[in-house]
Amino acid sequence: METWKVTTSSVIAIRMFSVAVAVIGATGTSYAASAGAVSQDEVAIYKSVLASWFDGKPERQLVDYHLGASPSATDPELQECTKGLRFAGDARATQESLVGVDFEGGAIHLIDGSKWNPNDPGQAIANGKSVGAAVDEGLAHSLISFSQATFSYDGRDALVNFSMVCGSLCGSGSTIHLRKSGTQWKEVNRCREWIS
């Protein structure tokens, strides 16, 4: 006969599962996908951001399959993006990944961003390359990274962090506010933009 030992961690795990079931039941949608997987809405968001980045024409691009923590809707720097919206939660702790996501066309190459090394334009210029050639090489080997998405209570709005890095002083990024229309996600605005 097996004996079950109730520990604090098992009680916490059961409570977390109960909360997740309650949220799914209340909204009809699961935004807290199982560890390792992303929801269909998140995939659609990443595809929309990439299409916007490439102006609709997919090009070869390295994308980190690791996803960062979701943006916090309560972050004071995001107040302009989130004005009038109510978000379901902040900074999910799940370890989601883009592994297995099919980015049609084969132009998107998912890699482990922790093993990526840039073709740093600054270094190439210091080694005698022209500015144009150095920047072109850097951009051709740039790395795009995403966060997990933060969704509004009604599931119609989302926030996601986006960054493109091509060297030590070569990159840009922002937190993007998107809104769902039918099955498509469209950019509404960008907050907390940075460039280096």
Failed criterion for F87 (all others in (1) within 28 Å of G182 (Cα to Cα); (2) surrounded by fewer than 19 Cβ atoms within 10 Å (Cβ to Cβ) hold): (2)
Members of region 63-84 found to be within 14 Å of Y46 (Cβ to Cβ) and β-branched (V, I, T), listed by number: V63
D102, sole failed condition from (1) surrounded by fewer than 17 Cβ atoms within 10 Å (Cβ to Cβ); (2) more than 23 Å from T183 (Cβ to Cβ): (2)
Total residues in region 159-196, condition out of contact with any strand residue (DSSP E or B) (no Cβ under 7 Å at 6 or more places or on another chain) and either loosely packed, with under 14 Cβ neighbours inside 10 Å or touching a residue at least 60 places away in the same chain (Cβ under 8 Å) (or both): 7
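Bear in mind that the values in this text are calculations on the coordinates, not laboratory data. Since the structure is predicted, the reported quantities are computational estimates derived from the model, not experimental observations. Note that we place each Cβ from the backbone using ideal geometry, even for glycine, and neighbour counts take in every protein chain shown.
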